[in-house]
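Below is one structure, written out as structure tokens, with a few remarks after it.
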Amino acid sequence: MRGRIAELHEIKERARRGPSARATVAQHAKGKLTVRERIELLLDEGSFTEIEPLLQHQASGFGLEKKKPYTDGVVTGWGTVDGRTVYVYAHDFRIFGGALGQSQAAKILRVMDMAIAAEAPLVSLHDGAGARIQEGLPALIGYGAIFQRNARASGVIPQISVMLGPCAGGAAYSPALTDFVFMVRNSSQMFITGPDVVRAVTGETVSRDELGGADVHAKVSGVATFAYDDERTCIQQVRSLLSLLPSNNRETPPRIPPADSPNRRCEALPNLVPTNGNQSYDMRKVIEEIVDDGDHLEVHQLWAPNVVCTFARLDGQVIGVVANQPHYLAGVLDIEASEKAAHFVQLCDAFNIPLITLLDAPGFLPGIEQEHRGLIRHGAKLLYAYCNATVPRIQLILRKAYGSAYLLMDSRSVGADLSFAWPTNEIAVMGAEGAVNVIFRSQIAAADDPGAMRSRLLREYKDELMHPYYSAQLGIVDDVIDPMETRSILIRSLAALRAKRASLPSRKHGIPPV
């Protein structure tokens with residue numbers, strides 16, 4: 001028996017070490033960690049339990065039958081993050097370049113099924129070269145089954161993809177189906193067709209990073225939710241994100257006792273937001289003044305920067321904040337901003353995270369290009385997301401709230417539970433200048449002094465229909481509040497809404513705009 005036990009430990013140690021010391025040195029030489037080093041960073045110390053560590057593929061042909069390493073190129077199992085169970089699978093690039101084979105796919109599917117059944121988050125650490133070409137079609141089919149699990153788990157458990165190497169072809173669709181995608185600059189890439197194919201078909205010459213690197217997907221395509229300079233920082237931020245999410249859609253996110261007083265006055269807010277509606281400011285500073293300890297985790301920070309979507313806490317409770325960003329394009333909504341905010345609203349709603357919407361938008365971005373690309377249907381995605389959200393929802397209007405931008409950014413008419421406004425708010429069908437030009441065009445043209453007439457009518461229009469208390473008098477907003485009381489009012493309002501129960505009509509599923 002002791003001899004068998006010694007043999008067992010020797011075999012398992014071989015599996016843990018990986019294929020060879022030379023392969024490990026090559027991995028480190030690229031600035032990349034090994035698969036087990038990554039898992040150790042992700043999970044609480046000593047908490048990882050591995051499953052199927054001794055698995056070997058059963059394929060033959062093209063020399064595969066002579067090379068059957070343990071794990072078959074993927075490490076799977078579960079552990080804890082801050083004491084909560086998390087399931088994980090991680091590709092080992094040192095084995096077949098991390099490429100997916102039939103046995104590896106079955107191993108991944110097993111841990112995915114376990115995560116779904118246990119209603120616990122799933123984190124996938126990607127570092128693979130796509131399907132294992134030597135195995136042919138069975139390897140490709142494995143991706144289809146993985147996609148099916150991704151879709152089945154959507155909105156049930158948090159799914160996080162961490163890109164730590166190449167991800168090409170069909171392999172890129174699994175991360176795209178998950179809730180969050182992390183990437184590392186200079187080491188991870190995602191694309192459907194690689195640089196060689198692009199050059200052969202289109203004649204364009206492009207590097208792997210230029211085609212599908214972290215910055216491309218974080219700034220241009222919106223595929224990457226987060227991008228970091230190194231693996232250690234990236235994986236640490238995955239832990240931070242998990243601390244803000246519930247384990248599944250039947251739980252609420254973990255509450256942390258706050259050090260920040262719920263009654264703290266936001267003394268800096270009057271100085272952060274100019275009363276002049278044409279003057280820009282950084283909405284992030286407003287958010288930091290309101291939330292616990294100024295801490296928040298922004299998603300898609302580099303993509304569609306005219307809207308801010310971020311996780312934070314108020315009185316220890318996790319919230320999602322959607323806010324226009326006047327610092328960029330005056331905070332207008334456009335196609336990308338609508339898509340970004342819509343996805344974030346649906347994600348928060350799926351995982352029981354209350355929504356705070358901070359509104360300061362002059363409208364939608366005008367232009368032929370936006371209209372021809374489908375601004376209407378993309379804007380409708382944001383409207384659809386808010387209209388279907390059943391979590392507690394609070395709207396706060398800081399300054400401009402014009403036209404459809406006001407409606408789409410969670411007005412009470414589309415279902416917000418509460419709507420507050422600062423005394424600098426301007427809620428209207430359109431800006432005063434545009435309204436006066438439309439309504440009084442003839443009068444201005446016929447006046448002896450058109451400029452003076454226009455100025456007088458503009459002043460009268462603002463005094464009558466756009467003063468800060470007009471919306472409160474009509475019952476459109478619940479109250480006009482002192483900006484310095486924003487934090488305490490939001491906290492009390494969320495506490496009152498905590499037991500909110502809302503339901504949607506019985507249906508298989510809705511049909512969102514395309």
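The values are calculated or read from the model by the stated rules, or taken from the named source; none is laboratory data. Since we're looking at a predicted model, the values are computed, not measured. When we count neighbours, we look across all protein chains shown, and the Cβ atoms used for this are built from the backbone with ideal geometry, even at glycine. Areas reflect the complete protein model, heavy atoms only, side chains present, ligands, DNA and RNA absent. Shrake-Rupley method; radii C 1.70, N 1.55, O 1.52, S 1.80 Å.
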Six or more apart or on different chains, Cβ atoms under 8 Å: show the pairs whose first residue is in the stretch 415-443 and free of Cβ contacts under 8 Å to residues at least 60 places away in the same chain and whose second is among the basic types (Lys, Arg) and open to solvent by less than 40 Å² (accessible area, probe 1.4 Å).
Gly415/Arg393; Ala416/Arg393; Asn425/Arg399
The residue that is farthest from Asp410 (Cα to Cα), considering only those in the stretch 421-439 that are at pLDDT 85 or above and among the polar types (S, T, N, Q), is Thr424
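So, in the stretch 270-327, of the ones that are part of a loop (DSSP other than H, G, I, E, B) and among the aromatic types (Phe, Trp, Tyr), which residue ends up surrounded by the most Cβ atoms within 10 Å (Cβ to Cβ)?
Among residues in the stretch 270-327 that are part of a loop (DSSP other than H, G, I, E, B) and among the aromatic types (Phe, Trp, Tyr), the one surrounded by the most Cβ atoms within 10 Å (Cβ to Cβ) is Trp303.
Restricting attention to the stretch 104-141, report how many residues are over 23 Å from Leu33 (Cα atoms) and either open to solvent by less than 10 Å² (accessible area, probe 1.4 Å) or assigned to a loop (DSSP other than H, G, I, E, B) (or both). Reasoning before the result, please.
Our first condition is that a residue be over 23 Å from Leu33 (Cα atoms); within the stretch 104-141, this holds for 106, 109-110, 112-120, 133-141.
Within this subset, residues satisfying the condition of being either open to solvent by less than 10 Å² (accessible area, probe 1.4 Å) or assigned to a loop (DSSP other than H, G, I, E, B) (or both) are 112, 115, 119-120, 136, 139.
The total comes to 6.
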Boolean, Ala405 is at pLDDT 95 or above and of a type in the set (Gly, Ala, Ser)
no
A careful count of residues in the stretch 64-103 that are open to solvent by 50 Å² or more (accessible area, probe 1.4 Å) and in contact with a Phe, Trp or Tyr (Cβ under 7 Å, 6 or more places away or on another chain) gives 2
Restricting attention to the stretch 234-260, report how many residues are closer than 27 Å to Glu339 by Cβ, out of contact with any Phe, Trp or Tyr (no Cβ under 9 Å at 6 or more places or on another chain) and open to solvent by 10 Å² or more (accessible area, probe 1.4 Å).
2
Just give me the residues in the stretch 348-384 being within 18 Å of the chain's Cα centre (by Cα), more than 24 Å from Ile427 (Cβ to Cβ) and open to solvent by 10 Å² or more (accessible area, probe 1.4 Å), in sequence order.
Asp349, Ala350, Asn352
